[in-house]
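Reviewing the structure listed below.
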Amino acid sequence: MNKIKFFMTSLVIAGMSMNVALASGKHGGGHNDKQGSPVGVPASAAKATKTIQVTTTDNMRYQFSSDLDLKAGEIVKFVVTNKGKISHEFSVGDKKEQKSHQAMMAKMPNMVHQDGNTVTVKPGETKELTWQFTGNAKVVFACNIPGHFEAGMFAKAKVAAARHH
């Protein structure tokens with residue numbers, strides 16, 4: 001087994017064997033609960049104009065039910081289902097926010113999220129995250145559990161400017 005594959009496998013095993021109860025609480029700072037992000041703000045599911053099903057699996061990939069054709073002003077409800085055997089995250093932000101989140105998760109790998117821009121989804125669970133996209137920016141969807149993003153568990157999309165009638 002090559003060194004990188006061994007390292008990634010070790011990270012996944014370490015993450016599976018850690019006691020999640022240690023960090024089941026919330027943490028302060030580093031997230032965009034209320035103030036929003038360059039790519040949008042949390043929104044009410046009742047106001048969603050589109051629903052996208054997201055499946056997480058242990059092959060470190062997201063599977064989306066439709067193309068990530070996102071427009072400024074659009075409110076999207078993401079229904080995230082974990083079909084794997086380990087926990088995964090679904091986080092919405094720009095590249096800078098995801099890098100910051102990854103650094104924090106490296107320090108607190110057992111952190112469980114349920115806030116405005118991130119949900120942690122345990123094996124077999126389904127959670128929702130509703131987001132209103134703003135601006136004309138590149139959005140990054142990421143799992144920031146240590147090793148997951150690096151293994152390819154992210155997706156990027158461009159938020160198109162709103163069409164004026």
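Observations
- Put simply, of GLY152, GLY135 the only residue that is over 18 Å from ALA43 (Cβ atoms) and more than 11 Å from the chain's Cα centre (by Cα) is GLY152.
- Evaluation of ALA21 against (1) at pLDDT 50 or above; (2) over 18 Å from VAL139 (Cβ atoms); (3) of a type in the set (Gly, Ala, Ser) (one fails), failing number: (1)
Conditions (1) part of a strand (DSSP E or B); (2) at pLDDT below 90; (3) touching a helix residue (DSSP H, G or I) at 6+ places or on another chain (Cβ under 6 Å), marked per residue:
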residue	(1), (2), (3)
GLN63	yes, no, no
PRO123	no, no, no
TRP131	yes, no, no
GLY135	no, yes, no
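- Residue pairs meeting the criteria (Cβ under 6 Å; at least 6 apart or on separate chains; first surrounded by 14 or more Cβ atoms within 10 Å (Cβ to Cβ), in region 55-73; second assigned to a loop (DSSP other than H, G, I, E, B) and polar (S, T, N, Q)): ALA72/THR134
- Flag if LYS26 is among the basic types (Lys, Arg), at pLDDT 70 or above and surrounded by 12 or more Cβ atoms within 10 Å (Cβ to Cβ): no
- Region 56-73: number of residues that are within 14 Å of the chain's Cα centre (by Cα) and within 12 Å of CYS143 (Cβ to Cβ): 5
- Number of positions in region 65-84 that are polar (S, T, N, Q) and in a loop (DSSP other than H, G, I, E, B): 2
The values are calculated or read from the model by the stated rules, or taken from the named source; none is laboratory data. Nothing here was measured: the structure is a model prediction, and the numbers come from that model. All Cβ positions, even for glycine, are placed from backbone atoms using ideal geometry, and neighbour counts span all protein chains on display.
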